[in-house]
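A short worksheet on the structure shown next.
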Amino acid sequence: MGPDAIRNCASSKYWRLWTRSATVNCRLRYFVRRIVLFVLMLALIAGFGQSSAQNAAKPEPDAAVAQPISDEVAEAEAAIVKSDWKAAEAKLDPWLAAHPADARALFDAGYVADAQNRLEAAAGFYRRAVEANPQSFEAHVELGLLLARQNNLPDARTELEAATRLDPGEAGAVAKARAWRALAEIDRGDDPAKASADLLEALKLTPETPKDTLLAAELAAQAGQLDAAEQAYRRVLAKDPKSAAANAGLAHLLIARKQYAEAETLLRAALEQAPEDTALTTQLGTVLAAEDKAEALPLFQKLHEAHPNDLAITRLLAAVLDDAGDVVGSDKLYVSLLAASPDDPALLVSHGQNLIRQMKNAEAYAAFNKATQLDPANADGWSGLAFAASNTNRPAVTLHSLTMRSKFLPEIPSTYFLWATAYDTLHNKAQAVVYYHHFLDASAGKFPDQEREARQRLLVLEKK
């Protein structure tokens, strides 16, 4: 029985049916091990989202030396073929009680527990299988994938790395390549360079797939290699123009480069294929807002109505409402977001800016003060605090805030004016004069009221 026949067997839970040795009369399994880990690794690359027992056929634990199996284990494996987990457990439990180091039986027990979503029990059996046979490629892989689904990425990485150092046996290069791809998915979050190296190892063993190209694009984008990322996304789209992930990835790059017109065209075409795609719609709204198109506001309002609990969409709508001049409506959303995340510096800054526009200076001061305490590198927070402090007659705080801001941003006319008025309030005439002149030089007629005030103060301060 070849691989194609195995894939078409009645039980989709297996890569191959089990066969007993020639000395055992019962023909319960076939001696085939050519397609190990065929579907399970693909499930990992999709995001570890579902149990391997529900999405993939069962791999067989590797054995350094072929050994005959007991009638109990063979009968358990026959039950597994039928997805009869209870019958399999009824055979495996007493056998393992008497033979606790049987690596094959331990692996089977892990698979049965995994299939029933008893992940802790499954992990325990897989660990024991690895201890009983450290050379088992499949046991290391299964344990690594399970740990990844549990978001235990450090331990998952350890097991999968161990698998890549082992002989996969008849599973061959395809199985080992999928182990490398699984590692790439794990490493992509905090080490894109290592994830790229993992993917390269996989490509040494098997040809590149569209998923590989998409992952390569995402990793290049993470690493700031935008040209390489764009080329990879376009290669994916050349083969699959409907790829939502590739369209979203390329749109993200175009938005980052402020190529809004091209991004809009791309996103509108993609949404014709997938009109209900929330991510693509959100990106289109972002582009429209950047282009200052009125269409952005109703689009985000519709998105918010459809996804009222989506914090990212709520945040975007709040920003668009602010830009549209609806400060009260915007701030209402920021207040709701802060109720869920009271220590988010960016939200505090946005809330503070809305409070300033509503002339609620004391409340704004409190928001900016908290934001800068939480994030001392938040330049917008220091800008806001300087302004709120000036409006609440705290000149010393204004000067401190401007000093902190200057570590991150260059001076602008408004900050020169705040420097000047703070020094003026503190009766530091020399510094006040310097900054009033800086302000007048930088403002160039853009702030007539403040320029008039600055000139009046200079007449007084420079009077001899």
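Nothing in this text is a laboratory measurement; each read-out follows from the coordinates by a stated rule. Keep in mind that what you see is a predicted model, and the values were worked out from it rather than measured. Backbone-built Cβ (ideal geometry, glycine too); neighbour counts: all protein chains shown.
For LYS258, go through the lysines and keep the ones whose alpha-carbon is under 17 Å away, minus same-chain ones fewer than eight residues off.
Within reach: LYS293.
Lysines within cross-link reach of LYS463: Cα-Cα under 22 Å, excluding same-chain residues under 8 positions apart?
LYS429
Per residue of the chain, what 222 nm ellipticity follows from adding -39500 (n - 2.57) for every DSSP H run with n ≥ 4, rounded to the nearest 500?
Computed ellipticity for the chain at 222 nm equals -21500 deg cm²/dmol.
What FRET efficiency would be calculated for the residue pair HIS427, ALA173, taking the C-beta separation as r and a Förster radius of 56 Å, to the nearest 0.05?
0.10
Starting from the Cα gyration tensor of the chain, take the square roots of the eigenvalues, sort them a ≥ b ≥ c, and report rounded, prolate or oblate (rounded when a/c is under 1.5, otherwise prolate if a/b is larger than b/c, else oblate).
Note, shape of the chain comes out prolate.
Rounded, prolate or oblate: which fits region 410-464, taking a ≥ b ≥ c as square roots of the Cα gyration tensor eigenvalues, rounded meaning a/c under 1.5, else prolate when a/b beats b/c?
It is oblate, given that a/c is not under 1.5 and a/b is not larger than b/c.
Could you tell me which of rounded, prolate or oblate describes region 326-403, using a ≥ b ≥ c as the square roots of the eigenvalues of the alpha-carbon gyration tensor, with rounded for a/c under 1.5 and, failing that, prolate when a/b is larger than b/c and oblate otherwise?
Since a/c reaches 1.5 but b/c is at least a/b, the shape of region 326-403 is classed as oblate.
Once each part is reduced to its C-alpha centroid, what is the distance from region 319-384 to region 424-464 in angstrom?
30
Using a 10 Å cut-off around each Cβ, can you sort VAL433, VAL130, VAL141, VAL460 from fewest to most neighbouring Cβ atoms?
Placing the least packed residue first, the sequence is VAL460, VAL433, VAL130, VAL141.
Would you order ILE186, ILE69 from fewest to most other beta-carbon atoms within 10 Å of each residue's own beta-carbon?
So the residues, fewest neighbours to most, are ILE69, ILE186.
Based only on other Cβ atoms within 10 Å, what is the fewest-to-most ordering of ASP424, ASP190, ASP331?
With the sparsest Cβ surroundings first, the list reads ASP190, ASP424, ASP331.
Among PRO395, ASN378, GLY329, which residue has its Cα positioned farthest towards the positive end of the charge dipole of region 320-443, with +1 placed on the Cβ of Lys and Arg, -1 on the Cβ of Asp and Glu, and the dipole taken about the Cα centre?
PRO395
By per-residue mean of other Cβ atoms within 10 Å, what is the highest-first order of 367-378, 171-182, 442-453?
171-182, 367-378, 442-453
Using alpha-carbon positions, what is the distance between the centroids of region 78-105 and region 262-307, in Å?
53
Please report the net charge: other residues with Cβ closer than 12 Å to the Cβ of LYS332, K and R +1, D and E -1.
In short, -3.
Tally Lys/Arg at +1 and Asp/Glu at -1 over every other residue whose Cβ is under 14 Å from the Cβ of LEU426; what's the total?
For residues surrounding LEU426, the net value is +2.
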